[in-house]
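**Q** Can you read through this structure? Questions will come right after.
The values are calculated or read from the model by the stated rules, or taken from the named source; none is laboratory data. Keep in mind the model is a prediction, meaning the values are calculated, not measured. Backbone-built Cβ (ideal geometry, glycine too); neighbour counts: all protein chains shown. Keep in mind that these areas ignore ligands, DNA and RNA; they rest on the heavy atoms of the full protein, side chains included. Shrake-Rupley method; radii C 1.70, N 1.55, O 1.52, S 1.80 Å.
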Amino acid sequence: MEGRTVSTTIQQLPSYLEAFLQLQKQSPVHRQESWFRAVRESAFTSFCQLGFPTIHDEDWRFTSVVPIAQATFHLPEYDSDGVTEDDISAYRLEGLAAQLVFVNGQYVPRLSRLPVEHKGLRVSSLAEAMLKDRETVEPYLSRYADYSKEAFTALNTAFFKDGAFVFLPRSLALQEPIYLLHLNTGSATPRMAHPRNLIVAGENSQATILEDYVSLGAGVSFSNVVTEIVAGEQAVLHHYRIEREGTDVFHVSTLCIQQERSATVNSHSVLTGGALVRSNIQPVLAGEGGNCLINGLFISNGRQHLDNYMKVEHRSAHCGSHQFYNGILDGESRGVFHGRILVCEGAQQTDSKQINRNLLLSDTVQMDTKPQLEIFADDVKCTHSATIGQIDEEALFYLRTRGLNEAAAKGLLLFAFASECLERMNLGLIRNYMAKIIMRALPQAKQSEVL
Amino acid sequence: MAMLEIRNLHVKIENREILKGLNLKVNAGEVHSIMGPNGSGKSTLAQVLARRESYLVTEGEVLLDGKDLLAMKPEDAACEGVFMAFQYPIEIAGISNAYFLRAALNAVRKYHGRKEMDAMDFLPFYKGKMKLLEVDESFMTRSVNEGFSGGEKKRNEILQMALLEPKLAILDETDSGLDIDALRIVANGVNAMRSPDRATIVITHYQRLLDYIVPDFVHVLVDGRIVKSGGKELALTLEEQGYVGVETEARALAVAV
Ligand SMILES: Nc1ncnc2c1ncn2[C@@H]1O[C@H](COP(=O)(O)OP(=O)(O)O)[C@@H](O)[C@H]1O
Ligand SMILES: [Mg+2]
């Protein structure tokens, strides 16, 4: 449009408005949860006012969402019937506490496995919890993901139909992981889904939660996820996220983490799929002595655009945050690492470290890396480093002189690079699962026989 | 037929001629030692035999059991039985020695149409070799050479050789950085592999290693050519007289040519 990229207006506003009105009439959760209606409406208004972000917005400098803004996406009908047990057999794991399955943003009880009764533990559909368990949900839902400033969060808050609700009572240490599987079936017409997850870890509780976004079919679609995590005092939470949808999917996800005193949250994020992906990870270290690890890996190929954005807010003293991100870029793909660290006044003794390492496999890729430190306290330790490099030719030759062919040797070196991310995960079921997923996603995986 | 036959080998690195017409014949069962001053081209020769493709061969040929070695990729040369112990082994973070070696061993076995080794069979085999080289079992899980001392790296090279059982082993200054105990252990490892159908080329600067690995032939490499060959006593002469004498001879030779 006359070469102008500035456009905060929402070109497809009528279709969003229509969809919103339709939801209010038809969706059970939108009709019945009257207590949340005001939030929905206010979020929708906020979305209309904010519009989609543009590259003139500092937080979106490297990622244009024009393709999302220009398209018309429809809300899916309720149609999980097509998905069978066979379709998801590859996503079943032994040794889980529970597995909730969602199809295009909608909970499917038929495919889900709930945990054994545990006093006070709740693992369910969020829509169901909103209808039946308002007292538990209301104090947390939408209190941390700020829809007044972030358009995608506003959109999600207005539109979400369902997602997971996990509530860990005080002092419960859940050993087995909870697996939230979000399936995108694809469709002939562009479709959108706004999964919303709420995870509340009570004081001194512990759990491991995996969110996995997978495509079962092709077709342009838009997944706009918001997950709110509230980690109570001294809670320990391991959160894993995989984005491996098809390369015709626009995927925006926002993970808001609220950490109370001495809470530990380890967030691990692996992006391999999607066409245009933006992952926001936004921990707020609200209480003293909190610790947050943001560990990530992205593997891009073809024309993928994978943007890893994080904003860490140190609001209290004696907190630590570590961000480690590794990127592997091939083809004509583009990667972004944008790590914002805010150290608020009074957040003394903050210890923050940020490392971004990237491996470029072709000369037609582009990697933008941007550390951004905003420090308003005087007694803090903040370091950051970023590197961009190629495969080490000396290492490649060394491996080949021992008999490995070039593809296998490359595969091994890539896996070693990716392993830096794996090694920061706790040993166990989910790490092994992640290792397999990462291996398959590596550019050399197909040629390499060793892996 | 010789196992290895190098004829009139000329090699350029970044447009500078480093090997200038090198000839060498190694038969199965033999141990050859190549000695020579720093920068004479010893490592270049080793790397070319291991098929570093960035080193440009401008003339000559190399035959391995009659096959054109120079046409091989590094992995093919390895599978055909060439093993080069690096003068400066490479550190590779994130890959354990055990994983790497099993992958390498299986690549070689596969090349020869042999069954691959699973972890169950591999471990005892690996541990046996570790014992032979008096290497701590923690080697298995440590990343390839990462954070290894100089001596540990050299031992790891010989450990790899012991596992891969090459027919032609080229040891590039494996003795540098080793104390006398380690030297003895490494030499034992090499000697354990000596057999009528294997050959070894020992590149070294000092005669000491040759007390333990006794060579059948010693060659002196000066300025890209072998200027003198002899039996094991040549190493002793060199140790006493240094390379000055042979260097002068070499220059005279170069003028004569
Ligand atoms: N990668 C390289 N790039 C440029 N020159 C090299 C390289 N490797 C070796 N050389 C040069 O080749 C010559 C022979 O080196 P080298 O084979 O390592 O000798 P040696 O092992 O006998 O000490 C030296 O002059 C050295 O500087
Ligand atoms: Mg050398």
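**Q** Could you say whether any residue in the stretch A:377-389 is within 20 Å of the chain's Cα centre (by Cα) and in a strand (DSSP E or B)?
**A** Looking through the stretch A:377-389, none of the residues is within 20 Å of the chain's Cα centre (by Cα) and in a strand (DSSP E or B).
**Q** Among the residues of the stretch B:15-50, count how many are more than 9 Å from ligand 1 (Cβ to nearest atom) and under 17 Å from B:Glu61 (Cα atoms).
**A** 12
**Q** Same structure again: Among the residues in the stretch A:332-347, are any charged (D, E, K, R), in a strand (DSSP E or B) and at pLDDT 95 or above?
**A** Taking every residue of the stretch A:332-347 in turn, at least one turns out to be charged (D, E, K, R), in a strand (DSSP E or B) and at pLDDT 95 or above.
**Q** From the residues in the stretch A:152-188 that are crowded, with 24+ Cβ neighbours inside 10 Å and farther than 27 Å from A:Lys25 by Cα, which one is farthest from the chain's Cα centre (by Cα)?
**A** For the stretch A:152-188, the residue satisfying everything is A:Leu168.
**Q** How many residues are farther than 30 Å from A:Arg303 by Cβ and among the small types (Gly, Ala, Ser) if we restrict to the stretch A:318-366? Before the answer, list the steps.
**A** Taking the stretch A:318-366 and keeping what is farther than 30 Å from A:Arg303 by Cβ, we get A:318-322, A:341-353.
Within this subset, residues satisfying the condition of being among the small types (Gly, Ala, Ser) are A:320-321, A:346-347, A:352.
Residues that pass the stated criteria total 5.
**Q** Within the stretch A:409-421, take every residue that is open to solvent by less than 10 Å² (accessible area, probe 1.4 Å) and more than 7 Å from chain B (Cβ to nearest Cβ) and give me the one that is modelled with the lowest pLDDT.
**A** A:Gly411
**Q** Here's another thing I want to ask about it. Only one of these is open to solvent by 30 Å² or more (accessible area, probe 1.4 Å) and at pLDDT 95 or above: A:Ala90, A:Ala98. Name it.
**A** Going through A:Ala90, A:Ala98 in turn, the sole match is A:Ala90.
**Q** Oh, and also: Take the stretch B:72-90 and flag every residue that is more than 9 Å from chain A (Cβ to nearest Cβ), open to solvent by 10 Å² or more (accessible area, probe 1.4 Å) and touching an Asp or Glu at 6+ places or on another chain (Cβ under 6 Å).
**A** The one that is more than 9 Å from chain A (Cβ to nearest Cβ), open to solvent by 10 Å² or more (accessible area, probe 1.4 Å) and touching an Asp or Glu at 6+ places or on another chain (Cβ under 6 Å): B:Gln87.
**Q** May I ask you to list the residues in the stretch B:6-59 that are assigned to a loop (DSSP other than H, G, I, E, B), in contact (Cβ under 8 Å) with a residue 40 or more places away in the chain, under 30 Å from B:Asn191 (Cα atoms) and not charged (D, E, K, R)?
**A** Scanning the stretch B:6-59 gives B:Asn27, B:Ala28, B:Gly29, B:Gly36, B:Pro37, B:Asn38, B:Ser40, B:Gly41, B:Ala50.
**Q** Exactly one of these conditions fails for A:Ser448: (1) modelled with pLDDT of 95 or more; (2) outside any helix (DSSP H, G or I); (3) more than 7 Å from every other protein chain (Cβ to nearest Cβ). Give me its number.
**A** Looking at each condition in turn, A:Ser448 falls short on (1).
**Q** Quickly run through the stretch A:422-436 and pick out the residues that are closer than 19 Å to A:Phe324 by Cα and more than 10 Å from chain B (Cβ to nearest Cβ).
**A** Step one: of the stretch A:422-436, the residues closer than 19 Å to A:Phe324 by Cα are A:422-427, A:430-431, A:434-435.
Correct list: A:Arg424, A:Met425, A:Asn426, A:Leu427, A:Ile430, A:Arg431, A:Met434, A:Ala435.
**Q** Does B:Lys12 fit the bill of being touching a strand residue (DSSP E or B) at 6+ places or on another chain (Cβ under 7 Å), within 16 Å of ligand 1 (Cβ to nearest atom) and either open to solvent by 20 Å² or more (accessible area, probe 1.4 Å) or away from chain A (no Cβ under 14 Å) (or both)? Spell out the reasoning first.
**A** On the way: touching a strand residue (DSSP E or B) at 6+ places or on another chain (Cβ under 7 Å): yes; within 16 Å of ligand 1 (Cβ to nearest atom): yes; either open to solvent by 20 Å² or more (accessible area, probe 1.4 Å) or away from chain A (no Cβ under 14 Å) (or both): yes.
Yes: the conditions hold for B:Lys12.
**Q** Continuing with this model, one more query. Of the residues in the stretch B:134-174, how many are assigned to a loop (DSSP other than H, G, I, E, B), surrounded by fewer than 23 Cβ atoms within 10 Å (Cβ to Cβ) and more than 14 Å from chain A (Cβ to nearest Cβ)?
**A** Residues meeting the conditions: 7.
**Q** Also, I was wondering about something else. Run B:Ala50 past the list (1) within 16 Å of ligand 2 (Cβ to nearest atom); (2) more than 18 Å from B:Pro166 (Cα to Cα) and report the number of the one that doesn't hold.
**A** So B:Ala50 meets the others, but not (2).
**Q** Consider A:Thr350 against the criteria (1) under 22 Å from A:Asn291 (Cβ atoms); (2) surrounded by fewer than 18 Cβ atoms within 10 Å (Cβ to Cβ): it satisfies all of them except one. Which criterion is unmet?
**A** That leaves (2) as the condition not met.
**Q** What are the residues in the stretch B:187-208 that are of a type in the set (Ser, Thr, Tyr) and more than 16 Å from ligand 1 (Cβ to nearest atom), if any?
**A** B:Ser195, B:Thr200
Here is a yes/no grid of residues against (1) in contact with a Leu (Cβ under 9 Å, 6 or more places away or on another chain); (2) farther than 21 Å from A:Thr272 by Cα:
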{"site": "A:Ile341", "(1), (2)": "yes, yes"}
{"site": "A:Gln348", "(1), (2)": "no, yes"}
{"site": "A:Glu394", "(1), (2)": "no, yes"}
{"site": "A:Arg400", "(1), (2)": "no, yes"}
{"site": "A:Ser419", "(1), (2)": "no, no"}
{"site": "A:Ala435", "(1), (2)": "yes, no"}
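**Q** Out of curiosity, is B:Val108 more than 7 Å from chain A (Cβ to nearest Cβ) and β-branched (Val, Ile, Thr)? Step through it out loud before you land on a result.
**A** Values: more than 7 Å from chain A (Cβ to nearest Cβ): no; β-branched (Val, Ile, Thr): yes.
No; evaluated as a whole, the condition is false for this residue.
**Q** With the structure loaded, tell me whether B:Ser43 is within 14 Å of chain A (Cβ to nearest Cβ), within 28 Å of B:Ile213 (Cα to Cα), under 15 Å from the mean Cα position of the chain (by Cα) and within 16 Å of ligand 2 (Cβ to nearest atom) or whether it fails that test.
**A** So B:Ser43 fits the description; yes.
**Q** Would you say B:Val62 is within 16 Å of ligand 2 (Cβ to nearest atom) and open to solvent by less than 10 Å² (accessible area, probe 1.4 Å)?
**A** no
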